[in-house]
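Working notes for the structure below.
Derivation of every value follows stated rules applied to the coordinates shown; laboratory data play no part. From a predicted model like this one, the values you see are computed outputs, not experimental measurements. Here Cβ is always computed from backbone atoms with ideal geometry, including for glycine, and neighbour counts include all displayed protein chains.
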Amino acid sequence: MNVWLIAAVVAALGLAWVNFRIVCGQQPGTDKMQAIAKAIQEGADAFLRLQYRKIAVIAVLILLVLAVVVSWQAAVAFVIGASMSATAGWIGMKTATLANVRVANKARETESLGETLKVAFLGGSVMGLAVGGFALLGLGVVVYVFGHLMGQMRPEMLTVHGNWLGIPGIRDIPFTMTVSGYALGCSIIAMFNRVGGGIYTKAADMGADLVGKMEAGIPEDDPRNPATIADNVGDNVGDVAGLGSDLLESYVGAMISALVLVSCQFFSRAQSASPMTAMQLEKLIAYPLLFGALGLLSCVVGITTMLVRKMSNRPHRELNGVTMLSAVLTIVFTGIAGRVFFSGEDMASMGFSVGWMSPWACAVLGILAGIVIGKIAEYYTSFDFRPTKAVAEASREGAALTITQGMACGMNSVIGPVLVLGTTIILAHTFGGLYGVAMAAIGMLSFVTVTVSVDTYGPIADNAGGISEMAQLNHHVREITDNLDAVGNTTAAIGKGFAIGSAALAALSLFASYIYAQAGDRAAAPDFSLILNMINTLTLSGAVVGAGLPYLFSGILIEAVAKAARRMVQEVREQFARNPGIMTGEVLPNYRQCVEISSAGALREMKIPALIAVLSPLVFGFIFGAEFVGGLLIGTTLSAIMLALYTANAGGAWDNGKKYIESGHFGGKGSEAHKAAVIGDTVGDPLKDTVGPSLDILIKIMSVVSLISVSIFAKYNIYDWLTSFMR
Amino acid sequence: MQTNLYLTVFPMEALIASQLSPEAFAAYMSVGARKGSAEALIFICINKENGPFCWEEARQKCVPHADGRPKRSFYLSIHRVLENLDLETMGDLYLVTRDGRCLALQRPGIGGGECQMPEDWDGIGLYKELCPVHPLVVSCRPPGDFGAYMTSPDNRVSVPSLLFADLRIVTTPEQSQVGSRVGTLFDRRMEHLKSCIEEVQQRRDKGAKIVDRSYASRFSYGLIKNGVYLCRGQQCLFWPMPSRDILKETAYDWGRSAEIF
């Protein structure tokens with residue numbers, strides 16, 4: 001397993017480096033293009049540097065708490081996780097800001113869609129490979145150093161241990177805490193990158209659109225718009241760095257959920273009639289990592305295949321091709337590996353119903369579920385299908401009906417994915433128990449490298465379009481970048497489906513681990529069963545409150561975007577009013593001021609939502625105890641999945657409904673329908689790009705924080721203390 | 001510094017002397033003067049002083065500022081200007097977008113065949129009158145005939161001169177599916193437009209039927225089909241609108257500002 005893991009990480013990071021060099025080797029274009037690209041680079045660099053500085057303060061606090069209350073190993077793992085996530089985000093953003101201008105220039109030089117697509121995908125692949133590579137590198141280091149070298153994975157160590165300070169009652173399985181620390185590190189960075197980047201990008205986007213496009217009548221990405229550089233910076237910090245960290249966190253979350261679950265199950269079954277053997281334990285912990293490694297290698301093969309051959313002029317087909325190739329290779333490689341890996345094992349005693357195939361079949365189920373969820377997302381958000389066309393058609397009757405129809409579309413879109421998820425959970429559980437469910441989550445994200453590459457290519461193409469527009473390049477260039485950007489919008493919606501689906505599956509495994517951790521030593525009792533009593537008033541109350549939390553979280557996020565966007569609108573209006581020369585093209589607008597407004601807004605507003613995610617399980621845990629938090633997790637998970645699907649798909653439908661009209665339907669640009677559709681799109685923007693993607697991180701942060709802290713608040717909480725007086 | 005004469009015809013009729021070039025004048029009038037203004041504008045360059053206007057005063061007042069900046073505008077008249085100018089002196093016509101970009105339409109000559117019968121004439125014309133009145137009308141007459149009819153003293157409701165554009169007609173949602181960007185003509189006005197067309201087709205004696213009395217704020221350049229016409233009796237000037245393909249090659253930025261691309 002180690003060999004495959006190392007090979008995969010080396011291959012992924014090596015190819016990322018090669019692709020990075022190839023991107024850098026491309027010509028950056030004219031002086032004007034380079035000047036615009038430089039402004040975007042500087043804005044993105046400055047924001048991410050400031051953001052990481054702010055996160056560092058909070059990360060140090062979490063690190064200290066982990067080191068004191070849990071263990072220094074968990075604290076170190078937390079740092080490794082945060083570093084991996086931050087590094088992947090930084091590298092992806094850096095590459096994207098170098099690639100954007102080169103994509104524009106490739107389109108300028110060749111006027112070939114295929115050639116331009118190749119450069120855009122090269123840039124995106126660096127982010128994808130960095131996500132896959134760094135996620136596995138960090139996890140490999142944590143498992144190897146703490147699990148193997150320091151012995152936390154040894155069977156005798158996979159038992160409940162006391163806190164190193166000797167605080168009575170705080171007991172947990174060290175290995176589960178260490179890997180959870182790693183996951184928490186990834187999640188914290190992902191949360192800040194997603195929330196901060198999301199607020200940044202939408203504030204800039206809305207500011208640019210509301211004043212520049214709607215009030216002043218200037219086209220998208222026009223250099224006279226003061227917010228246009230901020231808008232392009234936002235694409236990089238939100239849609240590249242934010243997306244990369246988000247999917248890295250999802251990937252790690254899925255892996256961790258399996259490792260923690262196996263560790264808990266090993267401990268729980270140790271005293272039972274059919275205990276897990278040491279060999280079984282090792283294999284069940286190794287298989288997710290092996291699966292991840294083979295998935296990563298498949299993606300390396302897929303990406304290399306795409307880059308060495310001549311690209312056609314059909315970007316959608318090319319991108320689908322590389323995704324499908326990587327998915328098929330993953331299925332084949334992991335199937336062979338599963339056959340070899342589990343040969344001779346007594347699979348039935350591990351709770352697997354279809355022999356060696358069980359974990360693999362569950363993962364394949366996850367892959368298929370991911371594809372189906374992606375297709376459902378495409379159905380509801382692409383204007384090739386009825387729901388989005390209906391949103392566009394409703395725009396003929398005005399903005400109110402655009403919004404109503406978009407909401408209906410988003411709500412309708414929820415049932416399909418949840419039916420798929422429900423079926424997947426049942427089937428995966430039938431094949432492989434809760435471990436099977438965790439494997440389904442891993443399967444769903446096993447080719448995350450390609451998913452992120454495809455998703456990142458979108459904002460790079462979008463930025464290239466912006467640079468082409470600002471540099472006033474030939475219309476052929478802009479048509480090429482617009483074409484690439486349009487495909488990117490659909491792939492982004494599909495990617496979100498994968499992130500949400502995997503979050504739901506991983507959350508279930510983490511939730512099972514939570515119940516094990518809550519039980520502590522009792523989990524090893526022969527009569528212990530994994531039951532959450534929903535009739536318990538504390539659990540039920542927790543579920544009710546938990547269901548409300550994603551709404552509070554989303555409301556705060558939308559408010560944050562609105563606040564930052566308002567400041568941007570005021571600034572852009574003021575610049576136009578102060579200096580009419582901006583509109584006549586005689587004077588350049590103050591781009592820097594808008595970049596600073598977006599940056600300051602995002603940095604100011606991102607803390608509260610992130611703190612809600614981290615602190616709510618702790619606060620409720622110390623007040624009401626573990627049963628309440630159990631309910632809280634269930635409620636939050638269910639509510640957040642629905643809300644995430646709804647926001648992502650409604651936002652996508654509004655966006656593409658507008659694009660459908662812009663392609664000439666219902667009067668095209670300038671029509672009443674278009675005006676209504678623009679309003680719908682503006683409403684949907686913060687939903688799909690800020691709220692939706694942040695919700696799946698919320699689920700996992702809350703799950704991991706609860707898992708790490710449950711042994712403490714199960715022992716020390718106000719509710720138990722008060723009721724002890726009443727008894 | 002040269003003084004240019006501009007006849008603004010939309011949204012307001014005025015004769016203006018200015019030391020700005022047509023492009024600078026376009027930017028100044030649409031976005032450059034009043035803070036935060038954004039207004040579409042159509043104007044025609046006037047090649048020679050003519051008509052009953054205060055030319056001497058214009059020559060005296062339209063001089064550079066003390067600091068050397070050119071005089072941007074001196075209004076000679078804001079009422080009944082078009083009818084008092086000689087058609088021969090009309091130069092290029094400029095379509096200015098809300099964000100100040102302008103497209104120059106070249107004037108080929110007076111009384112060309114395009115005025116009388118466009119190649120793609122299908123029996124119905126949709127005309128946006130631009131100056132001195134602003135309604136949107138349908139007519140069974142081709143542009144030249146329509147202009148002559150509207151400016152004939154024999155007609156009870158006539159104007160001395162009329163500037164108008166012919167617009168593309170889409171009367172069914174199916175037509176809009178093939179990429180016809182008909183902007184604000186779509187939907188709510190479609191049924192009404194159809195009934196107006198039916199009425200002028202049934203009553204051949206009816207020279208024109210008003211579809212919309214003003215239609216000023218909703219008019220967009222993307223709707224223009226063949227070009228802009230200026231008629232005075234049998235005289236007709238025509239400024240042809242470039243095709244989409246030509247616009248894409250030669251005026252892509254203007255096309256984006258005009259929401260054509």
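Using Cβ contacts closer than 10 Å as the measure, can you line up A:182, A:646, A:716 from fewest to most?
A:716, A:646, A:182
Based on Cβ point charges of +1 for Lys and Arg and -1 for Asp and Glu, what charge dipole magnitude is obtained for segment A:182-281 about its Cα centre, in debye rounded to the nearest 20?
720
Give the share of C-alpha pairs in each 20 angstrom bin for the protein assembly as shown, from 0 to the last occupied bin, in whole percents, shortest bins first.
In order of increasing distance, the bins hold 14, 40, 27, 14, 5, 0 percent.
Identify the residues of segment A:251-288 with backbone N under 18 Å of a label point that sits 7 angstrom from the Cα of residue A:353 along the Cα-to-Cβ direction, or state none.
Counting only backbone N, you get no residues.
Between residue B:121 and residue B:21, what is the FRET efficiency for a Förster distance of 35 Å, r being their Cβ-Cβ separation, to the nearest 0.05?
0.45
Compare the Cα positions of A:716, A:726, A:487 along the charge dipole of segment A:2-726 (+1 at Cβ of Lys, Arg; -1 at Cβ of Asp, Glu; about the Cα centre) and return the one farthest towards the positive end.
Comparing the listed Cα positions along the dipole, A:716 ranks first.
Suppose only helical runs count, i.e. DSSP H with n ≥ 4. What mean residue ellipticity at 222 nm does that imply for the protein assembly as shown under -39500 (n - 2.57) per run, divided by all residues and rounded to the nearest 500 deg cm²/dmol?
-21500 deg cm²/dmol
Going by Cα centres, segment A:454-525 and segment A:9-51 are how many Å apart?
What the calculation gives is 20 Å, centre to centre.
Report the gain in length on full extension from residue B:78 to residue B:225: 0.36 nm times residue separation, minus Cα-Cα distance, nm rounded to one decimal.
Stretched fully, the residue B:78-residue B:225 segment lengthens by 50.0 nm.
For the pair residue B:205/residue A:400, report the inter-label distance in nm, with labels modelled 7 Å from Cα in the Cβ direction.
Result: 4.6 nm between the two label points.
Just want the answer: with Cβ charges of +1 for Lys and Arg and -1 for Asp and Glu, which residue in A:400, A:315, A:288 is farthest toward the dipole's positive end in the protein assembly as shown?
It is A:288.
Residue A:385 to residue A:31: extension gain in nm, 0.36 nm per residue of separation minus the Cα-Cα distance?
That pair, residue A:385 and residue A:31, stretches by 123.2 nm at full extension.
Using 0.36 nm per residue, how much length does the chain from residue A:167 to residue A:527 gain when fully extended, once their Cα-Cα distance is taken away?
Difference between extended and current length: 126.9 nm.
Along the charge dipole of segment A:239-323, which of A:278, A:297, A:242 sits closest to the positive end, that is, farthest toward it, with unit charges on the beta carbon of Lys, Arg, Asp and Glu (+1, +1, -1, -1)?
The Cα lying farthest towards the positive end belongs to A:297.
With r defined as the distance between the Cβ atoms of residue A:559 and residue B:49 and R0 fixed at 41 Å, what FRET efficiency is calculated, to the nearest 0.05?
Between residue A:559 and residue B:49 the formula returns 0.10.
Could you tell me the relative contact order of segment A:2-726? Use alpha-carbon pairs under 8 Å, at least six residues apart, and round to a whole percent.
The value is 21 percent.
Given labels modelled 7 Å from the Cα in the Cβ direction, how far is it in nm from residue A:343 to residue A:474?
5.9
How would A:68, B:159, A:179, A:308 line up from fewest to most surrounding beta-carbon atoms within 10 angstrom?
The fewest-first ordering by Cβ neighbours comes to A:308, A:68, B:159, A:179.
Given a Förster distance of 25 Å, report the FRET efficiency between residue A:60 and residue A:18 from their Cβ-Cβ distance, rounded to the nearest 0.05.
Given R0 = 25 Å and the Cβ-Cβ separation, E is 0.10.
Dipole of the protein assembly as shown, Cα-centred, from +1 at each Lys and Arg C-beta and -1 at each Asp and Glu C-beta, to the nearest 20 debye?
My answer is approximately 900 debye.
What ranking of B:154, A:655, A:720, A:384 emerges when the number of other C-beta atoms within 10 Å of each C-beta is taken as an exposure proxy, fewest first?
Result, fewest neighbours first: B:154, A:384, A:720, A:655.
Report the charge-dipole magnitude of segment A:505-618 in Debye, nearest 20, computed about the Cα centre from +1 at each Lys and Arg Cβ and -1 at each Asp and Glu Cβ.
Value, rounded to 20: 300 debye.
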